[in-house]
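Report on the structure given below.
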Amino acid sequence: MFIQTERTPNPATLKFLPGREVLAAGTADFPTAEDAVRSPLAAALFEVPGVCGVFLGADFITVTKSDGEDWAALKPQLLGAIMQHFTAGAPILLDEAAAEPAEGSDDDPADAEIITQIKALLDEKVRPAVARDGGDILYHGFREGVVYLHMQGSCAGCPSSTATLKHGIENLLRYYVPEVTEVRPIN
């Protein structure tokens, strides 16, 4: 098994490409070891000292390291853990369900058409771009012209995530959906 690695715009994360499907649908974010209990793969990666986040996508795994850790020391251990997991044929998720994008719980039904447009643009134009960088972006609501989004994987905590949200995503949404006035991140 050959696993490629790619740097991401976030220096604290590294993207691992195992050359096979990781998740059949959706994504799964594990910001802490406690969150990883439903994923044997994420739990194994958290056993490597210095790992502070794991994100699973369709065909990649993004690992976030703690401050002060060195990729030269972590990378071989992570490659070994990933290879061992896939070689053993263990499941990626115990409940076989990836995290689905959270829906805006307090969206105004009168905005349904606008929200449909926003979600379509996010799915077609934004999510593929952030997936290339080892992350994902989830829609969390639209109220009074403001779109609320949550960045995951390498995008969470990335030094350029604010610029991505404000200059990239906000400009795109405002161009196609005039009702959008601003994009704000949520944690």
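Looking at region 95-104, can you tell me whether even one residue there is at pLDDT 80 or above and not assigned by TED's automatic domain parsing to the domain that holds residue 55? Walk me through how you get there before you give the answer.
So the first thing to find is which residues in region 95-104 are at pLDDT 80 or above, and the list is none.
No, there is no match, as no residue in region 95-104 is at pLDDT 80 or above and not assigned by TED's automatic domain parsing to the domain that holds residue 55.
Of the conditions (1) assigned to a helix (DSSP H, G or I); (2) at pLDDT 85 or above; (3) touching a Pro at 6+ places or on another chain (Cβ under 8 Å), residue 149 fails just one. Which one is it?
Condition not satisfied by residue 149: (1).
Among the numbered criteria (1) at pLDDT 95 or above; (2) assigned to a helix (DSSP H, G or I); (3) of a type outside the set (Val, Ile, Thr); (4) within 17 Å of the chain's Cα centre (by Cα), which single criterion is violated by residue 16?
Looking at each condition in turn, residue 16 falls short on (2).
Restricting to region 43-70, name every residue that is assigned to a helix (DSSP H, G or I) and at pLDDT below 95. I'd like the intermediate steps shown before the answer.
Pass one, region 43-70, residues assigned to a helix (DSSP H, G or I): 43-46.
Within region 43-70, no residue meets the criteria.
Would region 26-42 turn up any residue that is in a loop (DSSP other than H, G, I, E, B), in contact (Cβ under 8 Å) with a residue 60 or more places away in the chain and outside the structural domain of residue 155 (by TED's automatic domain parsing)?
Filtering region 26-42 for residues in a loop (DSSP other than H, G, I, E, B) gives 26, 31-33, 39.
Checking which are in contact (Cβ under 8 Å) with a residue 60 or more places away in the chain leaves us with 26, 31.
Still in the list and also outside the structural domain of residue 155 (by TED's automatic domain parsing): 26, 31.
Scanning region 26-42, I find at least one residue that is in a loop (DSSP other than H, G, I, E, B), in contact (Cβ under 8 Å) with a residue 60 or more places away in the chain and outside the structural domain of residue 155 (by TED's automatic domain parsing), so the answer is yes.
Please enumerate the residues belonging to region 68-86 that are exposed (fewer than 14 other Cβ atoms within 10 Å of the Cβ) and within 27 Å of residue 129 (Cβ to Cβ). Explain how you work it out, then say what you get.
Quick first cut of region 68-86, residues exposed (fewer than 14 other Cβ atoms within 10 Å of the Cβ) only: 68, 70, 72-73, 76, 80, 84.
Scanning region 68-86 gives no hits.
Give 114, 92 a once-over and let me know the one that is part of a loop (DSSP other than H, G, I, E, B) and at pLDDT 90 or above.
Numbers: 114 fails: part of a loop (DSSP other than H, G, I, E, B).
Of 114, 92, the one residue that is part of a loop (DSSP other than H, G, I, E, B) and at pLDDT 90 or above is 92.
If residue 180 meets every condition in (1) crowded, with 20+ Cβ neighbours inside 10 Å; (2) outside any loop (DSSP other than H, G, I, E, B); (3) modelled with pLDDT of 90 or more apart from one, which number is that one?
All conditions are met except number (2).
Among the listed residues 129, 163, identify the single one that is modelled with pLDDT of 80 or more and assigned to a helix (DSSP H, G or I).
Only one candidate passes the filter, namely 129.
The values are calculated or read from the model by the stated rules, or taken from the named source; none is laboratory data. Predicted, not measured: the structure shown is a model, and the values here were computed from it. We place every Cβ from the backbone using ideal geometry, glycine too, and count neighbours over all the protein chains shown.
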